[in-house]
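Since the structure comes first, as structure tokens, the remarks are kept for the end.
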Amino acid sequence: MDDLLIRDATIVTVGPAGVVRGSVYVVDGRIAEVPSSRRRAATVIDATDRLVLPGFVQAHVHLCQTLFRGLADDLDVVEWLRQRIWPLEQAHDEASLGASAQLGIVELLLGGTTTVLSMETTRHTHASFEAAAELGIRARIGPALMDRFEPGPEMIGQSTDEALASLTELLGPWHGAGGGRLGVAASPRGPRNATPELWAACVRLAAEHGLTLHTHVNENRDQSERLAAEPGGRDVYALDSYGALGPSLVMAHGVWLDDGEAALARERRAHICHCPSANLKLASGVAPIPAYLDAGINVALGADGAACNNTLSAFTEMRLAALLHKPRYGAQAMPAERVLEMATMGGARALGLGDEIGSVEVGKRADLIVVRRDRAHSRPLAHTSAPAALVYSCDAGDVTDVVVDGRALVAEGQLLAGSEARIVANAERQRMALLARAGLSGAASRPAEANGDVSA
Ligand SMILES: [Zn+2]
């Protein structure tokens with residue numbers, strides 16, 4: 001029998017059982033008993049003095065941008081897009097995109113993220129799927145769809161037909177691949193980066209094939225206000241006019257929704273993905289997340305891309321999500337349990353996977369992580385709350401084991417699913433080739449350090 005036992009742990013279920021002691025028993029990729037008193041299985045992970053919890057679900061990342069880490073610092077979102085992100089994304093070829101996705105997935109898995117919703121660039125999305133298939137992460141991935149040109153000519157868009165083809169060609173090979181682990185997302189880059197015709201086609205495809213819809217919404221105030229003057233009005237109203245505002249839609253950021261937009265998002269049961277690091281680093285603002293949650297909107301967490309964060313750590317996002325809102329809403333506004341729920345179940349619900357992942361409960365898929373607590377920064381253990389330790393003290397380096405669909409992908413902090421050293425070395429080579437193609441070899445956002453990466 002294909003079984004696995006994570007033994008003698010403190011289990012943070014993020015479900016009705018709360019925090020329990022014992023073991024988690026997994027059969028054929030699903031959780032069979034929790035807490036279990038079994039002692040043996042084909043694979044045993046000893047989690048004595050460690051925490052076991054559901055893997056993190058990040059509902060807004062860009063695997064294609066991992067290769068841009070450190071190349072686009074200290075810019076606001078519009079300059080960041082025009083000067084760096086669009087030229088770099090357009091310069092991707094299949095090899096550089098694959099290297100970028102691999103690097104991102106390795107970082108995500110080692111830091112305990114087991115599921116992502118990722119928006120790629122306009123082309124070569126097969127390469128990101130291949131990386132996800134090879135490394136074992138659960139993912140919903142889609143090409144960025146852009147058949148409208150805003151705000152500058154740097155963004156080389158596509159025709160509506162080209163954009164649609166870049167999406168539909170992925171459905172056969174990848175939607176439902178890996179036993180359902182992989183799926184396609186329809187990802188118009190923003191409400192105004194795609195025409196109403198393209199949006200309508202995405203909504204049709206999403207209904208027909210069960211695709212997640214994924215886009216950026218009300219990220220930057222000036223941009224939101226400028227676009228609000230266009231036909232269709234503010235972002236959320238525009239999305240509603242396309243028929244896109246519903247339970248399949250994940251709206252990244254949602255920093256500047258007005259009251260009417262928030263009420264409509266709630267009514268239509270659309271999801272918001274909170275990206276606190278990216279919102280701070282690009283000076284976009286602070287989304288009123290406690291108000292959205294109190295209004296009944298489902299909120300997930302995401303690191304966004306490595307070009308605007310610059311890590312992909314769920315721990316960093318949890319810590320910021322817990323701290324950022326306290327000055328405005330009070331010290332009790334975002335308790336650790338609420339943030340941990342957002343980082344797991346919030347993401348699962350956003351991806352339509354609330355019955356499958358996001359908590360440690362019998363019948364769910366075994367997407368589980370183990371977190372050590374034997375380092376000074378998370379001690380002492382006695383009388384501490386496990387959720388608070390995860391949100392306030394632990395970090396990505398504390399993750400020892402990662403299991404997806406019952407398959408161990410990381411053990412004792414080491415990647416099992418591939419060679420981290422090989423993937424990092426390949427990323428260095430592909431970064432140099434990408435910069436040369438983009439004409440940005442001399443334009444890194446900071447001078448190269450003596451031991452920097454420019455000679456790799
Ligand atoms: Zn983004």
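Where a number appears in this text, it was derived from the coordinates with a stated rule and is not lab data. Only a predicted model underlies this, so the values are computations on that prediction, with no experimental measurement involved. A quick note on method: Cβ atoms are made from the backbone with ideal geometry, for glycine too, and the neighbour counts reach across all protein chains shown.
Here the spin labels are modelled as points 7 Å beyond Cα on the Cα-Cβ line, and at E33 and A295 they lie 4.7 nm apart.
When all alpha carbon pairs of segment 204-294 are counted in 10 Å bins from zero, the resulting P(r) reads 17, 51, 28, 4 %.
If you wrap the tightest convex hull around every Cα atom of segment 179-257 and split its volume per residue, you get 83 Å³. Over all distinct alpha-carbon pairs, what is the Kirkwood Rh of segment 1-46 in angstrom? So the Kirkwood estimate lands at 10.5 Å.
A simple rule links phi to the HN-Hα coupling: the Karplus curve 6.51 cos²θ - 1.76 cosθ + 1.60 with θ = phi - 60°, which for segment 364-379 gives 7, 5, 7, 9, 10, 10, 10, 10, 7, 9, 9, 8, 4, 5, 10, 9 Hz, with x for Gly and Pro.
The gain in end-to-end length when the E169 to M432 segment is fully stretched comes to 91.7 nm, 0.36 nm per residue minus the alpha carbon separation. Only DSSP H runs of four or more residues enter the estimate; each adds -39500 (n - 2.57), and after division by the residues of the chain the mean residue ellipticity at 222 nm equals -9000 deg cm²/dmol. Restricting segment 1-66 to trypsin sites (Lys or Arg not before Pro) that sit in a DSSP loop and have at most 10 other Cβ atoms within 10 Å of their own Cβ leaves R39, R40. For A300, the amide hydrogen comes within under 5 Å of the amide hydrogens of I272, C273, H274, counting only partners 5 or more places away or on other chains and with H modelled in the peptide plane. In this structure the amide hydrogen of S23, modeled in the peptide plane, comes within under 5 Å of the amide hydrogens of D8, A9, S36, none closer than 5 places in sequence on its chain.
Across segment 219-231, coupling constants 3J(HN,Hα) worked out from phi with the 6.51/-1.76/1.60 Karplus curve, θ = phi - 60°, read 7, 10, 5, 4, 5, 4, 6, 5, 6, 4, 7, 7, x Hz, and Gly and Pro carry x. A simple charge model with +1 on the Cβ of Lys and Arg, -1 on the Cβ of Asp and Glu and nothing else charged puts the dipole of the chain at about 920 debye relative to its Cα centre.
Based on alpha-carbon atoms, the Kirkwood radius and the radius of gyration of the chain give Rg/Rh equal to 0.95.
Against the longest alpha carbon principal axis of the chain, how many degrees, from 0 to 90 and to the nearest 10, is the axis of helix 125-135 turned? In the chain, helix 125-135 runs at an angle near 10 degrees to the longest axis. Kirkwood analysis of segment 196-355, using all unique Cα-Cα pairs, places the hydrodynamic radius at 15.9 Å.
Among rounded, prolate and oblate, which fits segment 311-389 when a ≥ b ≥ c are the square roots of the eigenvalues of its C-alpha gyration tensor, a/c under 1.5 means rounded, and a/b larger than b/c means prolate?
oblate
Against the chain, whose longest principal axis is taken from its Cα atoms, helix 420-438 shows a tilt of about 10°.
Quick one: Cα centre-to-centre distance for segment 164-215 and segment 1-80, in angstrom? Centre-to-centre distance over Cα atoms comes out at 27 Å. The 3J(HN,Hα) values that the Karplus relation (6.51, -1.76, 1.60; θ = phi - 60°) gives for segment 301-314 are, in residue order, 10, x, 7, 6, x, 5, 7, 9, 9, 10, 10, 10, 7, 5 Hz. Gly and Pro appear as x.
Summarised in one figure, the compactness ratio Rg/Rh of segment 104-190, Cα atoms and Kirkwood Rh, is 1.01.
Projecting the Cα atoms of G346, G98, L280 onto the dipole axis of the chain, where Lys and Arg carry +1 and Asp and Glu carry -1 at the beta carbon, places G346 farthest toward the positive end.
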